[in-house]
Structures are given as structure tokens and as C-alpha cells.
Amino acid sequence: MLVLWNLTVIQYISKWFYDFFKRFEGIPAAYIGRKVVHILGGGITGLLTPMFFEGNYHIIIISAFLLAGYTRFKRSWRPMYWFQVKENSYEVHFALAYGVVLMLGVVLGDIWVGLIPVLLMSFGDSATGLVRAFTQRRQTKSWDGTFAMFIVCSVICIWKLGHYGILLATAASLIERIKTLDDNITVPAVAAILMYLGKFLF
């Protein structure tokens, strides 16, 4: 059911959002379509993982890698224009990072070391992207988007980590602002490191 849900998000729901927002001049519709995939696909899957896949996390990990391969293949053969753009292949990096950090959590014996970074990448980075899509009307960095990401990340992090979550949310929000690096890699990487260190510090 989760596979079908994600395919529905990728093939139909995100495309609906793209078709809706492309009618408005200046709104980067494909950018919004990508964030819809992140939230409804990656985010919802991440929230459901500890509830329905305990002891079977490999299913989600393998699925993430398969999805990375699928999106990479589609870029070369009939790109999904409603969220894939020529400028970058960040959606492929998203799926790869998703599988890698979850696998790291399994290896370290604490799935939340992988899940929190996944949730920050899915919900937090999407918050900043959507705010920028409507205020800046292009894929760029801006402080209003960073603030939106910080708020969303803080809610997620405080939920599991208490006050230490503020530090993690701040770090993730600031690292996302680096223009020369793909935040689909930097955000989960930094969050996973801080999650692991937090196990010993707190």
C-alpha cells in the first residue's frame, strides 16, 4: 500500500499541483511539485516507518534505493517534468540520502538517528522551498524560507530530543543555506551526525 501511495504521489498528486500552479505567472510549478513529493512521499513514509516497519526497516531502505534508480532512469527516458528539472537531479539525491541515513540508523542500532534527518529533509526543506517559491518565485536562498524551515525542524526535533532539538534544527536550517551544496545531502548528513553525538551528550 505504501508503494502504491508513493507512486500515486509521484505520478498523479504532484502533477496535479504542478498543473494548478503553472497557471500563475512566476510561480515555479515544478519546484512545488518536487516539494509535494518530498512531503507526501518522503515525509509520510518516514512517519509511518517506526509504526509499521519495526524490525523490517530494510524494506524502506531498499525501496528508497529503488526509487532513486527509477527517478534517475526517468530523467533519461521521459522525464517527469512536473517535478524533474534539467538544472539538477536533486530528487535522485533525495531518495539516495533517504536510504543511506535510514541504513545508518539501523547499523547504529537507533532508527531515529536516520529518521529524524529524513523528516527534516522531507518536511523542513520543503517548508523553506515552498515559502521561497511564493515569495521569491524562484529556486533561491532567502531568510524567510530559512525561518520557515527552522520552525518546522524545531517542532520535529523538540518532539524527540527536547531542548537539544533546537541546536539540531538551527544547524540543519543554516547548512541548507549553502548555495554550492545540495541540501538533500548536507541536511540529512549534518542532522545524522548531531543525532548520533546527542546520544552521548544527553
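Screening residue 158 against (1) buried (at least 24 other Cβ atoms within 10 Å of the Cβ); (2) farther than 13 Å from residue 189 by Cα; (3) not small (Gly, Ala, Ser) leaves a single unmet condition, (1). Within the set 24, 20, the sole residue that is without any contact (Cβ under 8 Å) to a residue 12 or more places away in the chain, not in a helix (DSSP H, G or I) and not acidic (Asp, Glu) turns out to be 24.
Residue 35 meets the conditions (1) at pLDDT 95 or above; (2) within 20 Å of residue 1 (Cβ to Cβ) in every case but one. The failed one is (2).
Per-residue answers, yes or no, for (1) out of contact with any helix residue (DSSP H, G or I) (no Cβ under 8 Å at 6 or more places or on another chain); (2) over 24 Å from residue 145 (Cα atoms); (3) aliphatic (A, V, I, L, M):
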{"position": "29", "(1), (2), (3)": "no, no, yes"}
{"position": "34", "(1), (2), (3)": "no, no, no"}
{"position": "39", "(1), (2), (3)": "no, no, yes"}
{"position": "60", "(1), (2), (3)": "no, yes, yes"}
{"position": "65", "(1), (2), (3)": "no, yes, no"}
{"position": "76", "(1), (2), (3)": "yes, yes, no"}
{"position": "82", "(1), (2), (3)": "no, no, no"}
{"position": "85", "(1), (2), (3)": "no, no, yes"}
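With respect to being touching an Asp or Glu at 6+ places or on another chain (Cβ under 8 Å) and either among the aromatic types (Phe, Trp, Tyr) or part of a helix (DSSP H, G or I) (or both), residue 144 falls outside the description.
The values are calculated or read from the model by the stated rules, or taken from the named source; none is laboratory data. Model, not experiment: these values are computed from the prediction. Neighbour counts are summed over all protein chains in view; Cβ atoms, including those assigned to glycine, are modelled from backbone coordinates with ideal geometry.
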